[in-house]
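The values are calculated or read from the model by the stated rules, or taken from the named source; none is laboratory data. What you see is a predicted model, and the numbers here were worked out from it, not measured in a lab. Cβ placement follows ideal geometry from the backbone for every residue including glycine, while neighbour counts extend to all protein chains displayed. What goes into the accessible areas is simple: the full protein's heavy atoms, side chains included, and nothing from ligands, DNA or RNA. Shrake-Rupley method; radii C 1.70, N 1.55, O 1.52, S 1.80 Å.
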Amino acid sequence: MLRNLMMGALWLTLGFSHLSAEEQAVVQETPDIHPLSLETPENPNGNTNVISDLKFSPDSKMLAVAYGRYQALLQKSDPGLAIVWDVASGKRLATLNKYKDGVSSISFSSNGKLLATGSYDGTVQIWRGSNWSRQALIKVVSGPVTALDFSPDSTSIAVGTTVQGEVPMKPNLHLYQVATGREMISLRCPAIDVAGVQYSPDGKSLVYAGMNGVVQVWNVESGGSRTILQSDDMMLFSMTLSHDGRQIAAGGSPFQYKHKKWQIQIWDTDSGKLKQKKTEAGCMLSSVRFSPDDRWLIIASLESRVKLWNLSTGQLINLSQSGGDVAVSPDGKLLALAVENKVTLLEFKKLIEKR
């Protein structure tokens, strides 16, 4: 994802009031760990052993993981790869390595038949889940791919990029036909870098976030857009839409140099009204995800513990494990935490039961 473009270069700080006593975190020191952990061998160049994104398949049986750094930040180039793991056995089902740069983003189609991988080399590759052969290769002209998402009917895919060079009005958000790879439309997110993109559950809207603090909703049918957030002091690293489509969550760090903190904001999708906001001390926020029932928000912050935020009660569970990126299985049973080249699986249901 986009945050990997900035790793090692950004340590942002800001100033906000402290959390109230009732919002203080409960530390969960000994969460239930799934018997399997998924780990790739160490890479001598230290490049592909960095996880950029991970997603469970719709049936929760597979976990697809994207590996690799952006070559522009490396002294030695080493293309990334994507691995599809069997969750039950830990067996590699597929190793996809036809990339000239790190793999930044990954997504299953809603029917589970296809897997899309986006790369910093400016390509999107679509793979058939039946035999892991490549169905389509899409060359995105606007720049390195930073985010992607299948439409609910699996017929189109939205792709966000970072625009290279000084071309302020160049499109950085594209929609392609999955069957042919043909571009359907190109849009301009008012930001150089797209930090996240996601279709609404009904496929009628597309929500996208720009790294420089913008969140918008685009109407697929009418072509109109409306702004949810336009901030001059917020840098966004992750955006996610709730499973019912009613809430948008985005997280990042404001441009203030007082105290190291991160912030998450949650908006009502229809009205655009801010519903909740949370600010905490810690390193750069890297990922936010809703639980399948939309009751919890999972928060990952670089070099910090993963947090589970109950959106109804305000309770915050502070896990003992860290995670640069996170994913929750659609059946709500597992939480996957990615650190460097390793994925740890936790029993998500047991972490939140009776809470």
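Could we say that Gly196 is within 16 Å of Phe150 (Cα to Cα), assigned to a strand (DSSP E or B) and either open to solvent by less than 10 Å² (accessible area, probe 1.4 Å) or among the aromatic types (Phe, Trp, Tyr) (or both) here?
yes
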I'd like to verify a number: residues in the range 323-342 that are among the small types (Gly, Ala, Ser) and surrounded by fewer than 18 Cβ atoms within 10 Å (Cβ to Cβ), how many?
1
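Provide a single number: the residues in the range 122-141 that are assigned to a loop (DSSP other than H, G, I, E, B) and under 20 Å from the mean Cα position of the chain (by Cα).
Residues of the range 122-141 assigned to a loop (DSSP other than H, G, I, E, B): 122, 129-133, 140-141.
Among the residues that remain, those that are also under 20 Å from the mean Cα position of the chain (by Cα) are: 122, 140.
Selection size over the range 122-141: 2.
Of the residues that sit in the range 220-234 and are among the charged types (D, E, K, R) and part of a loop (DSSP other than H, G, I, E, B), which one is least open to solvent (accessible area, probe 1.4 Å)?
Our first condition is that a residue be among the charged types (D, E, K, R); within the range 220-234, this holds for 221, 226, 232-233.
So of that shortlist, the ones also part of a loop (DSSP other than H, G, I, E, B) come out as 221, 232-233.
Details: Glu221: 146, Asp232: 147, Asp233: 66 Å².
Only one residue fits best here, namely Asp233.
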Of the residues in the range 164-193 that are open to solvent by 10 Å² or more (accessible area, probe 1.4 Å) and aliphatic (A, V, I, L, M), the one that is modelled with the lowest pLDDT is Val167
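Residues Lys349, Lys278: which one is among the basic types (Lys, Arg) and within 25 Å of Trp85 (Cβ to Cβ)? Walk me through it before giving the result.
Details: Lys278 fails: within 25 Å of Trp85 (Cβ to Cβ).
Going through Lys349, Lys278 in turn, the sole match is Lys349.
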With criteria (1) hydrophobic (A, V, I, L, M, F, W, C); (2) open to solvent by less than 70 Å² (accessible area, probe 1.4 Å); (3) at pLDDT below 90, Leu54 comes up short on (3)
Output for Cβ contacts, cut-off 8 Å, separation at least six or different chains, first residue closer than 15 Å to Leu54 by Cα and outside any strand (DSSP E or B) in the range 80-105, second at pLDDT below 95 and charged (D, E, K, R), reads Gly80/Arg69; Gly80/Asp101; Gly102/Arg69
Subset of the range 235-259, residues in contact with a strand residue (DSSP E or B) (Cβ under 6 Å, 6 or more places away or on another chain), at pLDDT below 95 and either of a type in the set (D, E, K, R) or open to solvent by 10 Å² or more (accessible area, probe 1.4 Å) (or both), comes to Met235, Gln256
Looking only at the range 293-342, which residues are within 20 Å of Val103 (Cα to Cα) and of a type in the set (Asp, Glu)?
Asp325, Glu340
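Restrict the check to the range 179-189 and report whether at least one residue is within 20 Å of Leu54 (Cβ to Cβ) and in contact with a Ser or Thr (Cβ under 8 Å, 6 or more places away or on another chain). Outline the logic, then answer.
Of the range 179-189, the ones within 20 Å of Leu54 (Cβ to Cβ) are none.
Scanning the range 179-189, I find no residue that is within 20 Å of Leu54 (Cβ to Cβ) and in contact with a Ser or Thr (Cβ under 8 Å, 6 or more places away or on another chain), so the answer is no.
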Kindly provide the set of residues from the range 260-269 that are modelled with pLDDT under 90 and among the charged types (D, E, K, R), ordered by number.
Lys260, Lys261
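Being buried (at least 20 other Cβ atoms within 10 Å of the Cβ) and modelled with pLDDT of 95 or more is the requirement here; does Leu137 meet it?
Values: buried (at least 20 other Cβ atoms within 10 Å of the Cβ): no; modelled with pLDDT of 95 or more: yes.
Answer is no for this residue.
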Do we have Gly8 as modelled with pLDDT of 80 or more and over 29 Å from Glu347 (Cβ atoms) here?
no
Restricting attention to the range 106-121, the residues that are farther than 25 Å from Thr344 by Cβ, of a type outside the set (Ser, Thr, Tyr) and part of a loop (DSSP other than H, G, I, E, B) number exactly 3
Which of (1) crowded, with 21+ Cβ neighbours inside 10 Å; (2) free of Cβ contacts under 8 Å to residues at least 40 places away in the same chain does Lys204 not meet, given it meets every other one?
(1)
Per the list (1) closer than 27 Å to Leu96 by Cβ; (2) at pLDDT below 95; (3) open to solvent by less than 10 Å² (accessible area, probe 1.4 Å); (4) not small (Gly, Ala, Ser), residue check on Val214 breaks on (1)
